[in-house]
Amino acid sequence: MAEMKVEQIAVFLENKSGRLAEIADVLAANNINIRALAVADTADFGILRLIVNDTARAVQALRTAGFTVTKASVVAVEVADRPGGLAEVLKVVSGAWLNVEYMYAFVEKSGQNAAIIFRFDEPNKAISILQQAGFKILTNEEVCRL
Amino acid sequence: MIWNEQYETMPREDLEKVQLRRLQDLVARVYARVAPYRAKMDAAGVRPGDIKTLADIKKLPFTTKEDLRANYPFGMFTVPLEQVVRVHASSGTTGKPTVVGYTRRDIDTWAELMARALACGGVQRDDMVHNAYGYGLFTGGLGAHYGAEKLGATVIPISGGNSRRQILIMQDFGSTVLLATPSYALNLADTMADMGVDVASLKLRVGIFGAEPWSENMREEVEKKLGLKAIDIYGLSEVMGPGVSMECIEAQHGMHIFEDHFYPEIIDPESGEPLPMGEAGELVFTTLTKEAFPVLRYRTKDITRLWAEPCVCGRNFVRMEKVTGRTDDMLIIRGVNVFPSQIEHVLMGIKGVEPHYQIVVNREGALDTMEVQVEVSEQVFSDEIKTLEALSRRIQAEIKDLIGSTCKIKLVEPKSIQRSEGKAKRVIDNRKI
């Protein structure tokens, strides 16, 4: 069975100008393509979350450039790109009392569907509940190909 | 007013006789009763009988904060604990505080010296003394309290914090004298402005400010904002607490050391050699009369100079200049002593936290703030904000537990704190003092 969980990279960001641009430069120089991206920030620091086409190389390149990096498993759920698409997923998530640490979304190239990235406490349980509810879970490979 | 005419105006030659007699008695006492002093004196080859003149004091070994730490908590006490009626403590360079003890007579002596100090600063019996020094293990609150009572003034033991309530009490009780750290005094002035309280409606006339370094500029500012005369007081718990030396309201220039109880020396901090009168160096104190916790040649690590010139106030005691620096890396933040090694101790105790840190001290408005910057290693980094915030809060809480003061924690990227050759630069002090 294909790996249902998607690998995400998180990078620590101090709130100072130019750091995001430096990360983008490092990835560009290593020919790594960004599939999805979200920044979470507080008054003092930020965390950049990234899904890329080659996680291992991206981690290596960012570490070499001096960044603090960690990996986490997230779940990518495909939803229809129309009003109400997100609401349907969230109804299932909250109905099953799944604890969401954070989430973000991106739209697929075709424009037909959107993908919601969830960071769950219990990703395996979340995957089976969402699949039972009829949602398509995108594999790591599928996300990288998008 | 001079509280104790007999001693405070005693001719120098008589004072020196009193000092010598007290010094000889002290040296005999600590040699007989305190093993660490005996061991150090034996190692230096000096016996109590060798102290024949005041100049012989330089034969005695120095006492340092490290000696006090090595004998934590009560190992340097000269009397059995049943004769100790109170202890105080100040922060040590690592986890353990420095503990000091007082007999009944020490408490009386301290009250006498603090009464002298307050009188020297212009406080009188009919004053309403608003004591905003912290009450507790810190010597400031209780030390000043007993002195003000001894003087016969009315004491409001309000302690620190809750500035708005402090101002209401000043208005309602008619406080005339404010005892506080100078930064807290400025904070009270700002709070008054916020509350729309006109300082002219208050009865404040004298402020006695100490426990942290402050400048002549700050004196002008606090005098203007609070409409009072600002007087400088000096003390440290290892020597007694507040009331070791005090500026007079007449000159407001240099602090008179109560030399019948404390023998001051200025030494070269490198060589340990005594320096001539007037030269700047490290201040060293020998307590001539303390019973429970006397110190022999205690190195304060404060840099200052002494003046022997006569003073308009009539006191014959030498004066010390405002402390201009430290020989170590101790910081004083809102009256609390902070050593970078304490911060390091906390960080080293948290798994995965790198011992790379920097302390940034700022003065925001009237208050000193301390920010500790900590590098985030991959061991503690997480993709979740809450994990990093919990780490920040934990570091903050552990520092507060150790030093009693709240600081801001800033997580920074690895290698972003400047690595210097040799000794790391741990402290950036942006205060203009």
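Of the residues that sit in region B:125-157 and are among the aliphatic types (A, V, I, L, M) and in contact with a His (Cβ under 6 Å, 6 or more places away or on another chain), which one is nearest to B:G235 (Cα to Cα)?
First, pick out the residues of region B:125-157 that are among the aliphatic types (A, V, I, L, M): B:128-129, B:132, B:137, B:142, B:144, B:148, B:151, B:153, B:155-156.
The next check asks that each one be in contact with a His (Cβ under 6 Å, 6 or more places away or on another chain); those that pass are B:137, B:155-156.
Working: B:L137: 15, B:V155: 20, B:I156: 21 Å.
The extreme case among them is B:L137.
Listed here are the residues, each with its yes/no results for (1) closer than 24 Å to B:P97 by Cβ; (2) of a type in the set (A, V, I, L, M, F, W, C).
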residue	(1), (2)
B:R319	no, no
B:I333	yes, yes
B:V336	yes, yes
B:G349	yes, no
B:E354	no, no
B:V361	yes, yes
B:A366	no, yes
B:M370	yes, yes
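Considering only residues that are touching an Asp or Glu at 6+ places or on another chain (Cβ under 9 Å), within 23 Å of A:A40 (Cα to Cα) and open to solvent by 50 Å² or more (accessible area, probe 1.4 Å), which ones fall in region A:116-146?
Answer for region A:116-146, where residues must be touching an Asp or Glu at 6+ places or on another chain (Cβ under 9 Å), within 23 Å of A:A40 (Cα to Cα) and open to solvent by 50 Å² or more (accessible area, probe 1.4 Å): just A:D121.
Looking at A:L90, A:L86, which one is within 16 Å of the chain's Cα centre (by Cα) and not assigned by TED's automatic domain parsing to the domain that holds A:L20?
Matching residue, one of A:L90, A:L86: A:L86.
Mind telling me which of the residues B:A397, B:A390, B:A366 ends up being over 30 Å from B:V323 (Cα atoms), open to solvent by less than 60 Å² (accessible area, probe 1.4 Å) and either away from chain A (no Cβ under 14 Å) or touching a His at 6+ places or on another chain (Cβ under 6 Å) (or both)? So that I can check it myself, show each step before the final result.
Values: B:A390 fails: either away from chain A (no Cβ under 14 Å) or touching a His at 6+ places or on another chain (Cβ under 6 Å) (or both); B:A366 fails: over 30 Å from B:V323 (Cα atoms).
None of the other options fit; the residue is B:A397.
Confirm whether B:G196 is open to solvent by 10 Å² or more (accessible area, probe 1.4 Å) and farther than 29 Å from B:H88 by Cα.
Considered against the rule, which asks whether it is open to solvent by 10 Å² or more (accessible area, probe 1.4 Å) and farther than 29 Å from B:H88 by Cα, B:G196 comes out as yes.
List the strands (runs of 3 or more DSSP E) that sit entirely inside region B:36-149 and contain at least 1 residues that are more than 20 Å from B:V244 (Cα to Cα) and in contact (Cβ under 8 Å) with a residue 24 or more places away in the chain.
Numbers: elements: B:84-90, B:98-103, B:128-131.
Answer list for region B:36-149: B:84-90, B:128-131.
Could you tell me whether region B:321-338 includes any residue that is among the small types (G, A, S), open to solvent by 20 Å² or more (accessible area, probe 1.4 Å), touching a strand residue (DSSP E or B) at 6+ places or on another chain (Cβ under 8 Å) and within 14 Å of chain A (Cβ to nearest Cβ)?
Step one: filter region B:321-338 for residues among the small types (G, A, S), giving B:325, B:335.
Still in the running and open to solvent by 20 Å² or more (accessible area, probe 1.4 Å): B:325.
So of that shortlist, the ones also touching a strand residue (DSSP E or B) at 6+ places or on another chain (Cβ under 8 Å) come out as B:325.
Right, trim to within 14 Å of chain A (Cβ to nearest Cβ) and you get none.
The answer is no, given that none of the residues of region B:321-338 is among the small types (G, A, S), open to solvent by 20 Å² or more (accessible area, probe 1.4 Å), touching a strand residue (DSSP E or B) at 6+ places or on another chain (Cβ under 8 Å) and within 14 Å of chain A (Cβ to nearest Cβ).
Given the structure, is B:R165 of a type in the set (K, R) and either farther than 21 Å from B:G140 by Cα or open to solvent by less than 50 Å² (accessible area, probe 1.4 Å) (or both)?
Numbers: of a type in the set (K, R): yes; either farther than 21 Å from B:G140 by Cα or open to solvent by less than 50 Å² (accessible area, probe 1.4 Å) (or both): no.
No; evaluated as a whole, the condition is false for this residue.
Do you know which residues across region B:41-58 are under 27 Å from the mean Cα position of the chain (by Cα) and open to solvent by 70 Å² or more (accessible area, probe 1.4 Å)?
B:K58
Answer yes if at least one residue in region B:400-417 is within 14 Å of chain A (Cβ to nearest Cβ), surrounded by fewer than 14 Cβ atoms within 10 Å (Cβ to Cβ) and under 31 Å from the mean Cα position of the chain (by Cα), and no otherwise. It would help to see each step written out before you state the result.
Our first condition is that a residue be within 14 Å of chain A (Cβ to nearest Cβ); within region B:400-417, this holds for B:407-417.
In the following step, the residues that additionally are surrounded by fewer than 14 Cβ atoms within 10 Å (Cβ to Cβ) were identified as B:415.
Retained after the next criterion (residues that are under 31 Å from the mean Cα position of the chain (by Cα)): none.
No, region B:400-417 contains no residue that is within 14 Å of chain A (Cβ to nearest Cβ), surrounded by fewer than 14 Cβ atoms within 10 Å (Cβ to Cβ) and under 31 Å from the mean Cα position of the chain (by Cα).
List every residue pair whose Cβ atoms lie under 7 Å apart, where the two residues are 6 or more positions apart in sequence or sit on different chains, the first residue falls within region B:173-197 and is part of a helix (DSSP H, G or I), and the second residue, located anywhere, is open to solvent by less than 10 Å² (accessible area, probe 1.4 Å) and not aliphatic (A, V, I, L, M).
Short answer, once both residue conditions are applied: B:P182/B:F209; B:S183/B:D368; B:A185/B:G207; B:A185/B:F209; B:L188/B:Q166.
Going by the structure shown, is B:V361 more than 14 Å from every other protein chain (Cβ to nearest Cβ), open to solvent by less than 50 Å² (accessible area, probe 1.4 Å) and closer than 30 Å to B:F209 by Cα?
On the way: more than 14 Å from every other protein chain (Cβ to nearest Cβ): yes; open to solvent by less than 50 Å² (accessible area, probe 1.4 Å): yes; closer than 30 Å to B:F209 by Cα: yes.
Considered against the rule, which asks whether it is more than 14 Å from every other protein chain (Cβ to nearest Cβ), open to solvent by less than 50 Å² (accessible area, probe 1.4 Å) and closer than 30 Å to B:F209 by Cα, B:V361 comes out as yes.
hydroxyl-bearing (S, T, Y), within 13 Å of chain A (Cβ to nearest Cβ) and surrounded by fewer than 20 Cβ atoms within 10 Å (Cβ to Cβ), is that true of B:S341?
no
Enumerate the pairs (first residue in region B:313-338 and acidic (D, E); second residue anywhere and part of a loop (DSSP other than H, G, I, E, B)) with beta-carbon separation below 6 Å, excluding pairs fewer than 6 apart on the same chain, so at least 6 apart or on different chains.
Partner pairs satisfying both residue conditions: B:E321/B:G254; B:E321/B:R305.
The values are calculated or read from the model by the stated rules, or taken from the named source; none is laboratory data. On a predicted model such as this, the values are computed, not experimentally measured, just so you know. Glycine gets a Cβ as well: all are built from the backbone with ideal geometry, and neighbour counts include every protein chain shown. What goes into the accessible areas is simple: the full protein's heavy atoms, side chains included, and nothing from ligands, DNA or RNA. Shrake-Rupley method; radii C 1.70, N 1.55, O 1.52, S 1.80 Å.
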